[in-house]
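Worksheet: one structure, shown below.
The values are calculated or read from the model by the stated rules, or taken from the named source; none is laboratory data. What you are looking at is a predicted structure, and each value in this text was computed from that prediction instead of being measured. So basically every Cβ, Gly included, is an ideal-geometry build from the backbone, and we count neighbours across all protein chains shown. Please note that ligands, DNA and RNA were not included when accessible areas were found on the heavy atoms of the full protein model with its side chains. Shrake-Rupley method; radii C 1.70, N 1.55, O 1.52, S 1.80 Å.
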Amino acid sequence: MKVRYSCMPVLACFSLLLCLCPQTAYPAAYGLLVGVSGYPSLPKHRWLHGPVNDVQMMTKVLQERGFAKENITILADGIKGAQLPTRKAILEQLKSLGNKVKKGDFVYLQLSGHGSQQPQLKDGNNREADGLDEIFLPYDIGKWESETGIVKNSITDDEIGKAVLALRLKGAFVWAVFDSCHSGTMLRGAPAGDIVYRKIEPSELGIPATIHSAPPPSISAPVTTAKDDSNLGGYVAFYAAQPHELTPEMYLPRGKKDTKPYGLFSYAIARILSSNQPMSYRQAAQRILQSYTADNIRMPTPLFEGSRLDAPLFGSENSSPVRQWPIEQKGAQYRIKAGNLQQVEDGSLFAILASPADKDEDALGYAIIKNTTLNSGELEAIQQDNLPQIDLADISRDAYARLITPVVNLKISVALPQSANDAKQEKIQSFLEKLRALPQPKGITVNWVDAGEQADIRLGFSPNVPGCPRDRLWFLPSGGELICSGRHAALSLVLDKDKDKDSLQQALYSTLRSMGKVVNLLRLAEAVAAGRAESPLELSFYLRKNGHKQ
């Protein structure tokens, strides 16, 4: 697994109501996508890899949602023909949008890259409780300048807030997405290896610790709410993390061979938008939190705010679209443009239809999808419902594949510990390696993976840090965060030297079984909400008093 944490993401339309490309309900829709991966002024190990992929992914998603290609502006390093995301370029494009938009238009703004903090200017209009300005780091970020009291070429939350307010004063609706650390007040502060964090510490920018830890100034109201009136366009802001949290970029889709690094937050938003389901911004926010929980991701906690959170996403209140895609032939393969981003899993059942307007009962045959990637999957014809296995070579060029029975992956992936610190841990690690090849007990299906691979649950030995109990095997979330004590402490097993291997195996699987049931229930809940599982589901629960067998 290669995951990186950091701070600060076409189907052809046709005239039928079954179109998979819903248009926005605005006169004009604009997108400004900023992705900063490389930072010439920073050491190369602090560069990112995900923002360029976030921008490319969201460009495609916006086009599928009806944005005209010419209305999407990309500022990113690593994309041929794109303008570099410098401070000047970002602010100029924001100003250009302000001059271009009209009342009733829509603007999607996304910034992906490193974030940090700097001391707030004494003459700033909006005072923040911690005395710090959240800053976004452009491609040409510099160092702290004591004379001016700012990090050279940084873009503050105040500046972004003022640019957003200018768009709203023209009557445009703004949806701003910040996939960076310290992003949690990017609008509120003004008018409005394996794991890499999108964050640069202030000290790395040359900010003296004595200045960075200065007492906070007094607080005043943000300009965004002070000028709110009936002529002001609506706005919604999605932040990848709370002001004190880090947000990751990681290799996605999980468990696939052709993964790329994406911002976790950008990827979650893209998946929701690609479902084409009608929902409000508040519902989309809830879906993001559900997806984090279903993937056993405990941190960060995204933040959402705005004046129109209950407005329909992109202004569209259309009914739920039919989940179907045109079938394309590529050599001997027959594929559709549906994969992990569209929340389609390997093994899902599709009906093969001669026309997208046909009913389910008009199916020519059936197929399952396999080898899914980010945006596509291969169809394999099968026999189903008394229909013979269809030869996909015989279908017309206008044929479609309609999703009939989605699949929800209920297999729990568990990563082995990173390394052992002593002879006892080495003995346990050796046993765990051998456990992968042994038959598994009933009630759970575990996919054992190596320590460096992505997993739902990670096993880890006690680190040599004060306050963390020794001689423990910890059960950690997918991000690997370890909380040793308190009400949020991770589950653990005591490595008793007198415990035999059978007892250890039994205790290990008992814990994994309990955790797996919770994870799978959360997955099912997320799948039902996303329309990827039949609803209602029938669940059976068995209650047992402590100490009783039944």
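Descriptive notes on the structure:
- Selection of segment 280-289 for residues being surrounded by 20 or more Cβ atoms within 10 Å (Cβ to Cβ) and over 30 Å from Leu476 (Cα atoms) yields only Tyr281.
- When segment 375-387 is filtered for residues that are of a type in the set (S, T, N, Q) and either under 19 Å from Asp258 (Cβ atoms) or surrounded by 18 or more Cβ atoms within 10 Å (Cβ to Cβ) (or both), the ones remaining, listed by number, are Asn375, Ser376, Gln384.
- Evaluation of Asp54 against the conditions (1) among the charged types (D, E, K, R); (2) open to solvent by less than 30 Å² (accessible area, probe 1.4 Å); (3) assigned to a loop (DSSP other than H, G, I, E, B) shows that the sole unmet condition is (3).
- Odd one out for Thr86, checked against (1) open to solvent by 20 Å² or more (accessible area, probe 1.4 Å); (2) over 30 Å from Ala25 (Cβ atoms); (3) touching a Lys or Arg at 6+ places or on another chain (Cβ under 7 Å); (4) polar (S, T, N, Q): (3)
- Pairing residues of segment 31-46 that are more than 13 Å from Gln93 (Cβ to Cβ) with residues that are open to solvent by 10 Å² or more (accessible area, probe 1.4 Å) and basic (Lys, Arg), at Cβ distances under 7 Å and at least 6 apart in sequence or on separate chains, gives Tyr39/Arg46.
- Test: residue in segment 137-146 that is touching a strand residue (DSSP E or B) at 6+ places or on another chain (Cβ under 9 Å), open to solvent by less than 10 Å² (accessible area, probe 1.4 Å) and modelled with pLDDT under 90: no
- Segment 136-182, subset within 21 Å of Phe304 (Cα to Cα) and of a type in the set (S, T, N, Q), residue farthest from the chain's Cα centre (by Cα): Thr156
- Strands (runs of 3 or more DSSP E) completely within segment 290-374 that count 1 or more residues being open to solvent by less than 20 Å² (accessible area, probe 1.4 Å): 324-326, 333-336, 349-353, 365-370
- Within segment 61-81, the set of residues being at pLDDT 95 or above, among the small types (Gly, Ala, Ser) and assigned to a loop (DSSP other than H, G, I, E, B) comprises Ala68 only.
- Checked against (1) within 23 Å of Gly516 (Cβ to Cβ); (2) open to solvent by 10 Å² or more (accessible area, probe 1.4 Å), Lys257 passes all but a single condition, namely (1).
- Qualifying positions in segment 264-275 - surrounded by 22 or more Cβ atoms within 10 Å (Cβ to Cβ), within 25 Å of Gln324 (Cβ to Cβ) and among the polar types (S, T, N, Q): Ser274
- Complete set of residues in segment 494-523 that are at pLDDT 80 or above and open to solvent by less than 20 Å² (accessible area, probe 1.4 Å): Leu504, Leu508, Tyr509, Leu512, Gly516
- For the residues Glu204, Glu245, the requirement of being surrounded by 20 or more Cβ atoms within 10 Å (Cβ to Cβ) and either modelled with pLDDT of 70 or more or within 17 Å of Glu305 (Cβ to Cβ) (or both) singles out Glu245.
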